[in-house]
Amino acid sequence: MTAPETPSCDVVEAERRIRIGDGSLFAKIWTPEGPEADRPAPILLFHDSLGCVDLWRDFPRLLASATGRRVVAYDRLGFGRSDPHPGRLESDFISREARQVVPALCEQVGATDFVACGHSVGGGMAVETAARFPTRCRALVTIAAQAFVEDRTLAGIRAARRGFQDPANLARLARYHGGKAEWVVDAWIGTWLAPGFADWNLDGVLPAVRCPVLAVHGDGDEYGSGEHPRRIAAGRGTAHILPETGHVPHRENPEGLVAAIRRFLGGI
């Protein structure tokens, strides 16, 4: 698909390393050309359970061009081009990302205020970030995010687990995560299917979100029903359903996704 027909500008890309307590993270920044003083708060991107910077594909550039904002994406520890994770993924990894990583990321990329935007489990991290930094987070965007552990989500993960029994599927993932690919898969499946994770939800943290909210979801999302965006947006913003779109809107429907985010941020 092509980029949405919206006003756009040229974008400069840069890579850098972010130092955190457990190691070094790979990050990439897309900066629209133009005076820095006129640029609104940057967008921080949080990837999904199997994702990384490279799997956002062209979405960050399109988003930066359409909104005139810097877009910052990074690989979480254990993913993509970041350092390996030192052990198992903690059960509180979603809230931990907001507590431990976001402050270091913002400091090292010069983001005083920001827009938190996350895909799938990264949407949960974006919610946690908005709740933890209410005076700094200017807006929250979730993309195919989960707000609780739903049977539909678990069924999708079990189907994916069967798919990864084919070594070719793991090999495809290794193109992005290298030798960490098996850890990435185990972290995703093992965490979500663990009995101790069954009661996880965002209900306790959502009331602390003070900024405008856009919760985007595909009508054909195989990992979650429309109850997720409704719960995230309830009393806080808008649930926007993309037609003929599954769990990965930034690859399946980039025009519709970027246009929705541009309109939302344009009103802030």
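FYI, it's all coordinate maths here, none of it is from the lab. Being a predicted model, the structure only gives us computed values, none of them experimental.
Remarks
- Debye intensity ratio in log₁₀ form over the Cα atoms of the stretch 36-132, taken at each q of 0.13, 0.21 Å⁻¹: -0.43, -1.13
- Mean projected area in nm² (Cα convex hull; one quarter of hull surface) for the stretch 11-75: 4.8 nm²
- Label assignment, Rg/Rh (Cα atoms, Kirkwood Rh) derived from the structure, set [x] 0.93; [y] 1.02; [z] 0.96: [x]
- Expressed per residue, the C-alpha convex hull volume of the stretch 120-268 stands at 125 Å³.
- Over 15 Å [Cα-Cα, the stretch 94-147], rounded percent: 40 percent
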